[in-house]
Structure formats: C-alpha cells, structure tokens
1. FRET efficiency for B:Asn2 and A:Asp47, Cβ-Cβ distance as r, R0 = 51 Å, nearest 0.05?
2. Counting only DSSP beta bridges with both residues in chain A, what percent are antiparallel, rounded to the nearest 5?
3. For segment B:115-238, what is the convex hull volume of the alpha-carbon atoms per residue, in Å³?
4. Report Rg(Cα)/(2.2 N^0.38 Å) for segment A:167-321, keeping two decimals.
5. Using a Förster radius of 56 Å, what is the FRET efficiency between A:Glu230 and B:Lys225 based on their Cβ-Cβ separation? Nearest 0.05, please.
6. So what is the relative contact order of segment A:283-388, in percent, for Cα pairs below 8 Å that sit 6 or more residues apart?
7. What residues of segment A:216-237 lie in the reach of a label at A:Leu55, counting those whose backbone N is under 12 Å from a point 7 Å from the Cα along Cα→Cβ?
8. Mind ordering B:94-101, A:229-236, A:86-93 by average Cβ neighbours within 10 Å, highest first?
Amino acid sequence: MSVITTTTYSKPNHKGYFGAYGGKFVPETLIPALNDLEVAYKEASEDAEFEKEYLHLLHEYVGRPTELSFADRLTGFYGGAKIYLKREDLCHTGAHKINNAIGQILLALRMGKKRIIAETGAGQHGVATATACAKFGVECVVYMGEEDMVRQKLNVDRMQLMGAEVRGVSSGSKTLKDATNEAIRDWVTNVDDTFYIIGSVVGPHPYPMMVRNFHRIIGDETKRQLMDIEGRLPDYLIACVGGGSNAMGIFYPFINDDVHIIGVEAGGLGVESGQTAATLTKGKPGVLHGSMSYLLHDQEGQIELAHSISAGLDYPGIGPEHAYLHDTKRVDYHAVTDAEALEAVSLLSRLEGIIPALETAHAFAWLEKLMPKTTSEEIVVLNCSGRGDKDMETISKYL
Amino acid sequence: MNRINKVFEQKKDEKVMSLFITAGYPNVNETVNLILGFERNGADIVELGMPFSDPLADGPIIQYSSNVAISNGVTIQGIFDMVAETRKNSEIPIILMGYINPMVRYGLEKFFSNAAKAGVDGLIVPDLPLDEATMIEEFAHSNGIQLIYLIAPNTSDERMQLSDDKSNGFVYCVSVTGVTGARDGSEVQQSVDTFIQRSKANITKNPLMVGFGIKNYNDAQSISKEADGFIVGSALIEIIRDTYPTENWKDEVFNFVHQLKFGYPNQ
C-alpha cells in the first residue's frame, strides 16, 4: 500500500469549498450570522487564550487525552496487523461529540449569544450540547426526530435531566434530517440571540471546517500516542462515517501522511436494497442543509429517506470534505450492513470488554474485510468513537 | 420587454400583487386553473412553487403543500408543462420559486433552457444567496430568465445594494427574520417600516416587493405602503387547505384573492 500525498493539504478555500463541495447554501437571513461566525471563529482560533480554555476543559472536564488501547485479543482473533483503538468512548458523555460541543459553546459565549440550539440523531450530539449548556448555564433547545426519540430514549432522558428542552420533530422521516431542517428554521427565526451548534462536519461554511478543527485533537493525540508506543505512523486508519465528524477528526492530521485511510458508511439492509444510508456509495452530488455534497436523492432531486440501524448514521447526506476526499481518492469509503454492524458489536464486547455504539460498530465490521489482507508487521488504528450503552435496547432485540 | 418589468411599468399607481402557490397543490390538474383564476381576480404576478422534500426556509403551511404536491407526483417537467399550458391563455408574469437541489439534479443548463421555452419569466431560489448564485447567473442571463434576490431585516446596506445590482424584475423584501407563514399583523408592522425605508434607500434600480406574514387586505396595504407591492403565499394556501375539496372551494379562494387586492369580494 502506498498513498503519497505530495502537496500540502489546505482545504477549504475562502468560500468554504473543498473542491466542488461545501459552500453556503442558506437563506439570506442567515448570511450575516454565518459571516459573523466566520470572523469570530477566525479570531478565536488565533487567540492563545481561547485555545488554552478549550484545551483545559477538554482535559479536566472531558477527560482528554483519551487512551490509545492495544486490542490484543481482537488482534489475535484476526491474526494480522496490530489493532489499536482510539478510545473516544471514554470521553465524558460517552462519545467524541463533546469535543465539538465544548469548542462551539466557548465560541457562542465569546459572541455574546444567549441561547443554544442543536439537532441530534442518536442523541449523542444532543447530550454533548446539553452537557456543555449545563456546564455554562446557557438555555438549550435540542431538535430530535420523533422516531429517534423512541430509539434513543435514554439520551432524551439524559438531555432533559441536564435541563435541555427536547423538541420532537414530526415532519418528514422524523429523524436527523428533519431535526436539522427544524433547527435551521429556528435559527432563521431567532438569528439575533441564538447560536446553532451543528453536530457534524456538515452545514454551511464555516461549520464543516470548524467542526473538523474542534475534533482534530483526536487525530493529533493518536499520532503522538502511536509514536510513543510504536515509534511510527499507522498503516491503516478506520472510522465510521455518517455526517463524518469523528472520521474527519482522526483523519485530518494524517491527510498528508503515507497512511491508508478508510471511512465506513452505514449500508443499512444493503447498498442495493433501497434501505441504506451509504451516501458516497449510492448518492449523487446535490445541496442539503447548506452545503453541496453527495446526497441520497431521486431523479427529481427530492431527498430520499436513509436507513440504518444506527440513528447517528441514518442521514441522507455527508460532510462536503468527505465528498472531496472520496472524489480525489485520498480516502476509501466502503459500506457495511446493519447485520454486519451487530455482529461486530458482539465480537468486540466478547473479545475486548468494550460495547461499542452502533455507529462505531460499522468501523469494526470493516475489519472482517480488511484484516485478512494485513500482515503482523502492520498497524491498524480504529476510532472507537462512542460507547454502546444508549443502544442496548436496539442491540438486545437481536441477541 | 420582460413580462415582469411590464407589470411594474403599467401598475405604477397601485400595489402590485404577487401570489405564491405550490405547483401540484391541491392537485396537479388545478394549478393552471388556479393561476388563470388568480389573474382574473387581481393577481399581477404568480410565483409557482416547485416543491422540495426539505423546504428549510418555509413554515408549516408551505411544508404541507409541498408534501402534498410531491405525493401528487409533480415533476419539474410537469411544472414546465403547466406554465406552457397557462401561456396559451395568459401573459401573466410567472416566476418559479424553488430550492436549488432539484435544479442541480435536473441539470442547471437544461433547467433554464426548458424554463424559458415554457414561458417562465423569473426565478427565486431561497437557499441560493448572492455568494453562490454565480452557478446560475450565466444560464439565467442567456435564457432571459430574471433572477430575484431576497433581502431581510438583518441584511446590510452593502448587500442590499449588491442584491439590487444582481436582481432583475424586483427585489424581494422578507419582512421579518423567519420562515414563511402568516403572522400577527402588528408583529410584522412594527419592524417593517424602518426596514422598508432602509431598503428604499439602497434599492434604486428595481421595484420592491414585500412578503412573509401578509394574510389580508389591511396587512397588505399597511405593510406595502412604502413598497411597490406585496406577496402572499401561506395565507392563500391555508384558504385552499381549508376549503378544498368542498363544492365551491375555488369560488372561495378567488374571492379571497379579489379581497386581498381590492379590499372587497368579487361578488
């Protein structure tokens, strides 16, 4: 394997484009808000005090750095490359999402915003946002599809316990896509005092770039930790991709390195079944929720309903940077099915004593295909993006 | 001269009324009849909404009509056919209003050329701000389709001027920050006067049309008193929703339209 990147990667451009993808496809009312956000984010990211506060919170509140664990029994099971797990499941709230929620709430406070809104699918971003709002004493409204509220009841209870208002969304498919529509409508209406904490590397510029940068600590830590343990870079990096925030977080610091990078999408019942969330595998370019990217949509440009057993991957779009990395072939994207993800949940639970989130399980499921091609001299790093407690109800139906 | 410019030329002494209806709502066979009836009852311009599954700038009413239209099987080609059919009997300016994704999927070049052939005069794309509109400007220009941009109360003077520069036909003033839908009249009125005054200072090339939140004749007159005209959408669709398919639903709808423009019913 050899993927040599000769030029230094610097995306997006000043208009928020990653190649042909990205941009700012929003109503005029939001343009001043996005421009303000862009300026505020740029100032904050050049302010050493802001970084200091962000890193301090990630350390003493979130619990970073998260460990890089050697999965010895999983490695033994496959008999190929050494497998390391980046333990984002050990973050406070149980998933990587909190890195971004902390970053964005600090920015919101810096901008003097009094009210936070967010959308959530699996509830992990909603929980992370509710957590950050509780920590800073800020009003929090989370939009969540009614179907997801049933699938992820535990997370609804957690958000409410921390004082957030969870607004059920009954339009469309009643999932993440519709919750995002509703959050954008709220933002258009309350644009003066409200900050919208988007939970993935999606949405209009500067969100895809900003969310990636708030998560790049995952990849930066991984690089340092693996250097300490093995004295070298990994051969393979793997992460699951819905919108794609945990994946961009771990991929981004390795983009210029000689590392084979793999993103795993949710294939649902199978990529040819019509019941899938494999956006890059089955989608076509289009515009949804403020940016140009790959989408699942029909010939008339109507958005199709995604399907995945995992609420966090059940989304018909994907971050624009993934679309770019897909087209340029810098990252390989594959899909695994609901059934394969469930198998991976059992396998990891039994072999490593780690119950992964259903989202994360998709990345593990790809090991079935990848590991036979690897040798014992090679190293695989997998982003263990979240823990599976929230999914126990779904998982137990299949046990 | 483009049909839109002609209307503003001819109606200098009255408020120009533009009506929004979702194509294919309440069913695909009524759209042409509704447009013709709107014209007979005082509409000066028609905005024909191209339904999209995820209309994030729209309130509940237009979300509803969009969903119904999509389940009625309306297509972009079907909408062009409706325009062409209308053109057999009417010269009313027709502006298509829709989100960018269906146009991208249809193919932008083909979209503009077929729209022009059908007799479309203008286009409004609520999720395509000036910054991104370069992707359609050339196609619009070469096919004689006028692009109408929106400005909102939080739009800067500088961007208002840019919108005026890029717009043809008119500039669309969104009276409040928010999604489409009828509002309490006083809620709109309070903030709208200063906004319209600021708009007038910055919009010098094009007429100004005010929309969002207008639900009756009084709203229309007071909100548009400093503008060239007004736009009504959600309130009209609400009347259709409440009356369709009763026997006289269209009479009630056309009565509402007449009242909106003139302040009294047509019978």
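Just so it is clear, none of the values below were taken in a lab; they were calculated from the coordinates. What you see is a predicted model, and the numbers here were worked out from it, not measured in a lab. Note that we place each Cβ from the backbone using ideal geometry, even for glycine, and neighbour counts take in every protein chain shown.
1. Details: r = 51 Å, r/R0 = 1.00.
Efficiency computed from Cβ-Cβ geometry: 0.50.
2. Details: 15 of 50 bridges.
Beta bridges within chain A, antiparallel portion: roughly 30 percent.
3. Numbers: hull volume 13.4 nm³, N = 124.
Enclosed volume per residue, from the Cα hull, is 108 Å³.
4. Details: Rg = 16.9 Å, N = 155, 2.2 N^0.38 = 15.0 Å.
Here the Cα radius of gyration is 1.13 times the empirical estimate.
5. Numbers: r = 74 Å, r/R0 = 1.32.
It comes to 0.15.
6. On the way: 121 pairs, mean separation 19.1, N = 106.
Contact order relative to length: 18 percent.
7. A:217, A:221
8. Values: B:94-101: 24.6, A:229-236: 15.5, A:86-93: 22.4.
My ranking of the peptides, most packed first, is B:94-101, A:86-93, A:229-236.
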